[in-house]
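Chemist: The structure is given below, and queries will be raised subsequently.
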Protein chains: 6
Amino acid sequence: MLRLSKRYPFSASHRLHSSELSEQENARLFGKCNNPFGHGHNYVLEVGVCGEADPESGMLLPRAELDRLVRKAVLDKVDHANLNADVAGMRGLVPTTENLALVIGRWLREAWEKEFDGRPVRLDRVRIEETARNTFEVTYG
Amino acid sequence: MLRLSKRYPFSASHRLHSSELSEQENARLFGKCNNPFGHGHNYVLEVGVCGEADPESGMLLPRAELDRLVRKAVLDKVDHANLNADVAGMRGLVPTTENLALVIGRWLREAWEKEFDGRPVRLDRVRIEETARNTFEVTYG
Amino acid sequence: MLRLSKRYPFSASHRLHSSELSEQENARLFGKCNNPFGHGHNYVLEVGVCGEADPESGMLLPRAELDRLVRKAVLDKVDHANLNADVAGMRGLVPTTENLALVIGRWLREAWEKEFDGRPVRLDRVRIEETARNTFEVTYG
Amino acid sequence: MLRLSKRYPFSASHRLHSSELSEQENARLFGKCNNPFGHGHNYVLEVGVCGEADPESGMLLPRAELDRLVRKAVLDKVDHANLNADVAGMRGLVPTTENLALVIGRWLREAWEKEFDGRPVRLDRVRIEETARNTFEVTYG
Amino acid sequence: MLRLSKRYPFSASHRLHSSELSEQENARLFGKCNNPFGHGHNYVLEVGVCGEADPESGMLLPRAELDRLVRKAVLDKVDHANLNADVAGMRGLVPTTENLALVIGRWLREAWEKEFDGRPVRLDRVRIEETARNTFEVTYG
Amino acid sequence: MLRLSKRYPFSASHRLHSSELSEQENARLFGKCNNPFGHGHNYVLEVGVCGEADPESGMLLPRAELDRLVRKAVLDKVDHANLNADVAGMRGLVPTTENLALVIGRWLREAWEKEFDGRPVRLDRVRIEETARNTFEVTYG
């Protein structure tokens, strides 16, 4: 199996806070990530696609097409944004990187179906580095 | 499938030497890693856990709980230690990073069962970077 | 000359916005860094100290003492904070990393004078990585 | 399952160009990667092997033996080479990193069969980083 | 003193070869870097500027202006290029990274004088990483 | 001014312990770095040389000559060694990275004078990364 992974950095801010929990429970559960005015990260999104290389171009898919898809489906929504206030798809969710990875995966799969349907290449996984120490990954079977 | 990977650096020393082999065989097999007074590394342990995000917290598990488990089950035993002399679980084993990964995996699985049993999250893999060029990984099916 | 540099990561959010400028001037000057709800970074602070190694300990200064100073003088104020709302020393300043480096340098020099005065070691420079591509540095002659 | 991954950097140049396509199609498909005199990369090859650790040595396989195999089967052919002109195995292929990974994987599997046949260790995957942002991987079931 | 450093990756190929030397002298002096069809690197250019932060914007200079200058003065000439064949300013020079750093420094200083003259900020140094192990730097007094 | 920096990784072990201090003072001063059987690091030595590029070769000095000097003067003594037991030049010194940097600098300057005397290039600085967070540097005026 052949896979291409492309990395896309973006910067965003968030506050971990659940409206279902009391102030104390929020503070206990999320610690300093619950600070009222939020904090932020240089996230790195890594998109993995797998399939067959096109015999003519020798590529799984043209880089510029993948970049365009990721920019439109993801980066335009989250880069230099506040994940609590600016991102419609995160409404009602605690903006942990687990939830962010699940939402970004959903966005990419929908965009993929619309724009890349029928190609011998599929979206395979979505990885987000939140810091150099914490990484989150969603894989699709 | 959703996975969280957290990285934990630690520093340790070791000497690759098998008591079952002659001096010459040790020297031939392990080269300068067999030097009598040992050498050391900045290891990085990466712990991978997978499962379901908790709907309330949006997290696979609270970071501080995972940190505590890893500190108690692993880092307290190997950080700033000599793997030949200081680490009971490595007794009788050549302290290669293969063996270190297998032993650390065992420690983590035992601690997991004791402390995290019943959670919808499981230990998925243990990776150790020995240097920027050599990485070892144990995965659990 | 002998120098020690220690790196301290922290996460914070900010919005680049000057109260002296119109909305349009702010947007033109700061681009997407002016988005109303802000964004964030994994900053890395690097503190450089230089001088003589202590003959008895072989160290410029004990690591734990430097860590304590930096934590108290800097990290407790900026880690997991919003630089616009949470940090008293940044009030009235656009929270660019240029200004952040100047303010952090001031904090460290004041703390240094109070706690490390008379040692044969001095604060030499303060560097902040905002992203992997943008770094800011203040050096003291 | 236990896996060792070793990384091997090499430098090479290439020009993305398909003889089956017109000048315009090449330019459109490959963009600046189609520039006539080529460009280059610091590639990093990562070789993954998995199996059982040898009980006597505690190693999947001696590092020096793996290094020798990779040097002979791969690095001697591609390091400081032009992938279009110097590498027999790439003749007739567009030298994308997809194709390079497939060819390097073939070389390694052939060398493995000749030299490491019968060992309880097998070649598991080949990864090539073309830049810090683009990585390609071939995995063997 | 306050300094901003920005990093710009680019990919290029080169062959180390001096027309003043015999084939043998070239081979002896440059080793495999003298291979006839060349090889390449992912270079990283780091541009250092120093001076006063503008009191209104809090910035040494707007990032987008520096990016535009570097793109026009440097990246458009060397990115995805062959340094022997494509770059007029390197004609007659062995395309070592020493020479490349000197030439890029000249380009940037000329562009700086034309476009940024009179600002309280000056070009301070040019650094080029050729590989993770080799870095070259030109500093201006 | 033109400078070349080359990086050389090596692995070593050490125990921070001063024979002039009591057990308690050692424990208090060096913490877990005083553990009796030592620990270790993947050090990275960075050697900085500056001067004029040779007009014929376009290089400050041939890479292979610098590599040979560093290997002979430094790496052969410290790579895969125990800094307390194996390294004659460290005898009587606490093997902090401050002392290691000073000793390595001395070795390199002596070797430089013997082998590179009269060249328009001089040794400018020695940097050692002990971990990703701690770096030590000696600069020569």
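The values are calculated or read from the model by the stated rules, or taken from the named source; none is laboratory data. Only a predicted model underlies this, so the values are computations on that prediction, with no experimental measurement involved. Don't worry about glycine lacking a Cβ; one is built from the backbone with ideal geometry, like all the others, and counts go over all protein chains shown. These accessible areas exclude ligands, DNA and RNA; they are computed on the full protein's heavy atoms, side chains included. Shrake-Rupley method; radii C 1.70, N 1.55, O 1.52, S 1.80 Å.
Chemist: Could you give the C-alpha radius of gyration of the protein assembly as shown expressed as a fraction of 2.2 N^0.38 Å, taking N as the number of residues it contains?
Modeler: Numbers: Rg = 27.1 Å, N = 846, 2.2 N^0.38 = 28.5 Å.
Its radius of gyration relative to the 2.2 N^0.38 Å reference: 0.95.
Chemist: Now for a separate question. Which one of F:Arg15, F:Arg119, F:Arg127 has the biggest mean-square fluctuation once chain F is modelled by GNM with Cα springs under 10 Å?
Modeler: F:Arg119
Chemist: Per-residue HN-Hα couplings for the stretch C:84-96, Karplus 6.51 cos²θ - 1.76 cosθ + 1.60 at θ = phi - 60°, whole Hz, x for Gly and Pro?
Modeler: With coefficients 6.51, -1.76 and 1.60, one gets 6, 9, 9, 10, 3, x, 9, 3, x, 10, 5, x, 5 Hz.
Chemist: Along the charge dipole of the stretch B:63-141, pointing to its positive end and built from +1/-1 on Cβ of Lys, Arg, Asp and Glu, which listed residue (B:Gly141, B:Gly89, B:Ala73) has its Cα farthest out?
Modeler: B:Gly141
Chemist: Percent antiparallel among DSSP beta bridges with both residues in the stretch C:1-85, to the nearest 5? Before the final figure, lay out the partial values.
Modeler: Values: 13 of 15 bridges.
Of all bridge pairs located within the stretch C:1-85, approximately 85 percent are antiparallel.
Chemist: Please arrange B:Asp117, E:Asp124, F:Asp86 by accessible surface area, largest first, computed with a 1.4 Å probe and ligands excluded.
Modeler: Working: B:Asp117 120, E:Asp124 15, F:Asp86 60 Å².
The ranking, largest first, comes out as B:Asp117, F:Asp86, E:Asp124.
Chemist: At 7 angstrom along the Cα-to-beta-carbon line, where would the label on B:Pro62 sit relative to the other copies? Give the distances in nm, shortest first.
Modeler: 3.2, 4.7, 5.1, 5.1, 6.4
Chemist: Taking the Cα centre of chain C as origin, work out the dipole magnitude from +1 charges on Lys and Arg Cβ and -1 charges on Asp and Glu Cβ, in debye rounded to 20.
Modeler: Numbers: 20 positive and 21 negative charges, 40 e Å.
Taking the Cα centre of chain C as origin, the dipole is about 200 debye.
Chemist: Based on the Cα gyration tensor of the stretch C:78-141, what are the three equivalent ellipsoid semi-axes, each the root of five times an eigenvalue, rounded to whole Å and given largest first? Don't jump to the answer; show the numbers that get you there.
Modeler: On the way: eigenvalues 104, 48, 18 Å².
For the stretch C:78-141, the ellipsoid semi-axes come out as 23, 15, 9 Å.
Chemist: Distance between the C-alpha centers of the stretch E:66-114 and the stretch A:68-92? Whole Å please.
Modeler: 37 Å
Chemist: Shifting gears a bit: Note the per residue figure in Å³ for the convex hull of the C-alpha positions in the stretch A:67-114. Present the calculation step by step, with values, prior to reporting the outcome.
Modeler: On the way: hull volume 3.4 nm³, N = 48.
Roughly 71 Å³ of hull volume per residue.
Chemist: Between copies, how far does the label point of A:Glu23 sit from its twins, in nm, shortest first, when each point is 7 Å from Cα along Cα→Cβ?
Modeler: 3.3, 5.1, 7.2, 7.2, 8.3
Chemist: I would also like to ask the following. Here are some pairs, A:Lys32/F:Lys32; D:Lys72/E:Lys32; D:Lys6/F:Lys72; B:Lys77/F:Lys32; A:Lys114/D:Lys32; which of them have Cα atoms lying more than 21 Å apart in this structure?
Modeler: Violating the 21 Å limit, Cα to Cα: A:Lys32/F:Lys32; D:Lys6/F:Lys72; A:Lys114/D:Lys32.
Chemist: Then there is this: Under a 1.4 angstrom probe, counting protein chains only, how are B:Asp79, E:Asp54 ranked by accessible area, largest first? Let's see the in-between values first.
Modeler: Details: B:Asp79 30, E:Asp54 65 Å².
My answer, sorted largest first, is E:Asp54, B:Asp79.
Chemist: Further question: So what's the back-of-envelope 222 nm ellipticity for chain B, counting only DSSP H runs of four-plus at -39500 (n - 2.57) apiece and dividing by all residues, rounded to 500?
Modeler: On the way: 3 runs with 35 residues, N = 141.
So the calculated ellipticity at 222 nm is -7500 deg cm²/dmol.
Chemist: Here's a follow-up. Can you list, shortest first and in nm, the gaps between the label point of F:Lys114 and those of its counterparts in the other copies, using a point 7 Å from Cα in the C-beta direction?
Modeler: With the label placed 7 Å along Cα→Cβ, F:Lys114 yields 4.3, 5.2, 5.2, 5.6, 7.0 nm.
Chemist: What accessible surface, in Å², does a 1.4 Å probe find on A:Cys50, ignoring ligands, DNA and RNA and rounding to the nearest 10?
Modeler: 10 Å²
Chemist: Dipole magnitude of the protein assembly as shown about its Cα centre, charges +1 at Lys/Arg Cβ and -1 at Asp/Glu Cβ only, in debye to the nearest 20?
Modeler: On the way: 120 positive and 126 negative charges, 0 e Å.
Magnitude of the dipole: close to 0 debye.
Chemist: Continuing with this model, one more query. Which value, to two decimals, describes the C-alpha radius of gyration of chain E once divided by 2.2 N^0.38 Å? Please report the intermediate quantities before stating the final value.
Modeler: Numbers: Rg = 16.7 Å, N = 141, 2.2 N^0.38 = 14.4 Å.
So the Cα radius of gyration is 1.16 times the expected 2.2 N^0.38 Å.
Chemist: Among the residues of chain C, which one places its Cβ closest to the rotation axis that maps chain C onto chain A, and what is that distance in whole Å?
Modeler: Chain C residue with minimal Cβ-axis distance: C:Gly40, 0.
Chemist: Could you check which residue among F:Pro120, F:Pro95, F:Pro55 shows the biggest mean-square fluctuation in a GNM of chain F with a 10 Å Cα cutoff?
Modeler: Checking each option, the largest mean-square fluctuation is seen for F:Pro55.
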